[in-house]
Amino acid sequence: MDYKKKLEELILTVIRENGSDLHFGTGRVPSIRVAGELIFLAKQPVFTSEDTLGILGEVLSKDKLVRFVENQEADFSYDFHGEARLRGNAFFQKGLISAAFRLVPKVQTLAELHLPPILADISRKKQGFFLVVGPVGQGKSTTISSMVDLINNEQARNIITIEDPIEHVYIPKKSIINQREVGIDTKDFHIALKSVFREDINVILIGEMRTPETVATAVTAAETGHLVFSTLHTNNASQTIDRIIDSFPGDQQDQIRVQLASSLLGIFSQRLIPRITGGLIPAYELLLNNNAVANLIREKMTHEIDVVIETGSESGMIDMNHSLLELVRAGEITIENAYQYSLNPKGLERMI
C-alpha cells in the first residue's frame with residue numbers, strides 16, 4: 001500500500017463529504033464522521049497493523065513514531081498541502097494501533113459560525129479571563145479562533161497561543177502572533193504560560209486548562225493586564241466554575257474563588273446541533289461576570305448562576321434553552337433535537 005496516497009485519499013474523502021473526523025485502526029475499515037454520524041467506508045480495505053503504522057509514519061517523524069510506540073499514545077497535527085489542517089491522536093487498544101484525525105476548520109468570522117455578536121465585544125476587552133466550554137467536538141477551538149482572528153484583524157496586539165498540538169494557523173495582520181506547540185516549542189503549558197510575563201504579551205490563548213498550576217497562572221495573567229482565552233470540557237457555566245475551584249486543594253480554594261470572581265469575563269458553553277437542511281449549527285449559553293455573579297462565586301453559591309443567566313438577557317447573557325428555542329422557531333433544528341441537547345428539558349418544555 002502507498003501509505004501517503006492512502007492517507008491523502010482518506011483526507012480528501014472527509015473534505016469532500018463535509019466531514020469532521022477520520023478514524024482508522026488495525027482490523028477494521030476506516031470511518032468518517034459527517035454531521036455527527038459515523039460512516040464506515042465499506043469500499044476501503046481492512047487495515048493491517050503494518051498499514052496503520054505505515055500511515056502514522058506519514059504524519060509522525062521517526063523520533064515521534066518511536067516515542068509513540070514507547071508511550072503508547074501521541075498527539076499531533078498535520079498540514080495537508082496547505083489546503084487543510086488536521087489534529088490527531090494515535091493510541092493502542094487491545095495491543096493494536098488506532099488513530100483519530102479531526103479536520104480543523106479554516107478560521108471563520110463569528111457571523112459565518114452563527115455565533116452571537118457579543119463575542120466580538122468580549123474580544124475587544126483589554127484584560128480578563130474568558131472560557132469556551134462544552135464536550136469534545138462541539139467547536140470550542142473554532143469559536144476561540146474566530147475571536148483571536150477578530151483581534152488580529154482589528155488591533156495591533158501581541159498574541160501568543162500555547163497548544164497541544166497547534167490547530168488553527170493564523171496569518172499575522174495587525175497583530176504579532178506567536179504559536180507555541182507543547183512538546184516542540186515548550187515543555188508544557190505551565191512553563192510556557194509563566195514565560196508570557198517576560199514576553200510583553202497582550203492576548204494569551206491556552207489550548208486547554210489541564211492542571212491547577214496552569215489555571216492559577218492563567219487567572220493571575222488575567223488579573224495583571226492580559227486577555228486570556230481557554231477551553232474546558234465541561235457542560236455549562238456553573239459546572240465550569242466548580243470544576244476550576246475543585247481542582248485546587250482545600251486550603252487554596254478560597255483564594256482562587258476571589259481571583260476568579262475578579263478576573264472572569266465570562267463563560268461561553270456551546271453545542272453543535274444537526275440542522276434540518278444538513279450540517280451543524282451552534283446553540284449556546286453565555287455567562288457574563290457582573291457584581292451578582294462575582295458575589296455568587298465568592299460566597300460558594302455557584303448553583304444559583306443558572307438562574308442569573310436565565311434572567312440576565314438584558315445584560316447580554318444567553319440561556320441555552322432560549323438559544324435552542326430560537327433555532328426551533330427559525331426552522332433550523334427539530335424540537336426533538338432541542339430536547340436532546342437541552343441541559344434542562346423540563347425548563348424547555350415549559351417555555352414551549
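Just so it is clear, none of the values below were taken in a lab; they were calculated from the coordinates. Quick caveat: nothing in here was measured; it's all calculated off a predicted structure. Virtual Cβ from ideal backbone geometry, glycine too; neighbours counted across all protein chains shown.
Between rounded, prolate and oblate, where does region 145-194 land on the alpha carbon gyration tensor, with a ≥ b ≥ c its root eigenvalues, rounded for a/c under 1.5, else prolate if a/b exceeds b/c? Note, shape of region 145-194 comes out prolate.
Against the main long axis of the alpha-carbon atoms of the chain, helix 237-246 sits at an angle near 80°.
What the phi angles of region 113-127 give under the Karplus curve with 6.51, -1.76 and 1.60, with θ = phi - 60°, is a coupling list of 8, 6, 9, x, x, 4, 5, 5, 4, 5, 4, 8, 5, 8, 7 Hz, glycine and proline written as x.
Taking a ≥ b ≥ c as the square roots of the eigenvalues of the Cα gyration tensor, region 46-116 is classed as prolate, since a/c reaches at least 1.5 and a/b is larger than b/c. Taking region 118-351 as the region of interest, the number of lysine pairs whose Cα atoms are within less than 22 Å, with members eight or more places apart or on different chains, is 8.
For region 305-317, backbone phi angles converted through the Karplus equation (6.51, -1.76, 1.60; θ = phi - 60°) give residue-by-residue couplings of 5, 4, 5, 4, 5, 4, 9, x, 5, 5, 8, x, 6 Hz, Gly and Pro being listed as x.
Computed about its Cα centre, the charge dipole of region 110-216 is approximately 340 debye, with only Lys, Arg, Asp and Glu carrying charge at their Cβ.
Net charge dipole, the chain: roughly 420 debye, given to the nearest 20, about the Cα centre with Cβ charges of +1 for Lys and Arg and -1 for Asp and Glu. Compared with the dominant principal axis of the Cα atoms in the chain, helix 212-223 is inclined by about 50°.
Among Asp164, Asp242, a tally of other beta-carbon atoms within 10 Å of each Cβ gives an order, fewest to most, of Asp242, Asp164. The count of lysine pairs in region 3-104 whose Cα atoms are under 24 Å apart, excluding pairs fewer than 8 places apart on the same chain, comes to 11. Each DSSP beta bridge with both residues in the chain is either parallel or antiparallel, and the antiparallel ones are about 60%. Entry note, the chain: the mean residue ellipticity at 222 nm calculated from DSSP H runs of n ≥ 4, each adding -39500 (n - 2.57), is -11000 deg cm²/dmol after division by the residues and rounding to the nearest 500. Maximal additional length on extending the Glu304-Asp242 stretch stands at 21.1 nm, based on 0.36 nm per residue less the C-alpha distance. For region 168-282, the square roots a ≥ b ≥ c of the C-alpha gyration tensor eigenvalues yield an a/c of 1.5 or more together with a/b not exceeding b/c, which makes the shape oblate.
For the chain, the longest principal axis of the alpha carbon atoms and the long axis of helix 140-154 meet at an angle near 70°.
Here the calculated FRET efficiency for Asp63 and Asp254, from their Cβ-Cβ distance with R0 = 41 Å, stands at 0.35, rounded to the nearest 0.05.
Put in order of Cβ neighbour count within 10 Å, fewest first, the listed residues His23, His114 become His114, His23. Sites listed here are trypsin sites (Lys or Arg not before Pro) in region 166-252 whose DSSP assignment is loop and whose Cβ has at most 12 other Cβ atoms within 10 Å: Lys174, Lys187. Here's the picture: charge each Lys and Arg Cβ at +1 and each Asp and Glu Cβ at -1 in the chain, and of Gln252, His233, Ala42 the one pushed furthest to the positive end of that dipole is Ala42.
Applying both filters, DSSP loop and at most 11 other Cβ atoms within 10 Å, to the trypsin sites (Lys or Arg not before Pro) of region 9-82 gives Lys43.
Under 11 Å from a label point set 7 Å out along the Cα-to-Cβ vector of Glu326, the amide N atoms of region 255-297 belong to 283-286. Loop-located trypsin sites (Lys or Arg not before Pro) in region 104-141 (DSSP state other than H, G, I, E, B) with a sparse environment of at most 14 neighbouring Cβ atoms within 10 Å: Lys106, Arg124, Lys125, Lys126. Each residue in Ile318, Ile144, Ile15, Ile171 was given a count of other beta-carbon atoms within 10 angstrom of its own, and listing them fewest first yields Ile171, Ile15, Ile318, Ile144.
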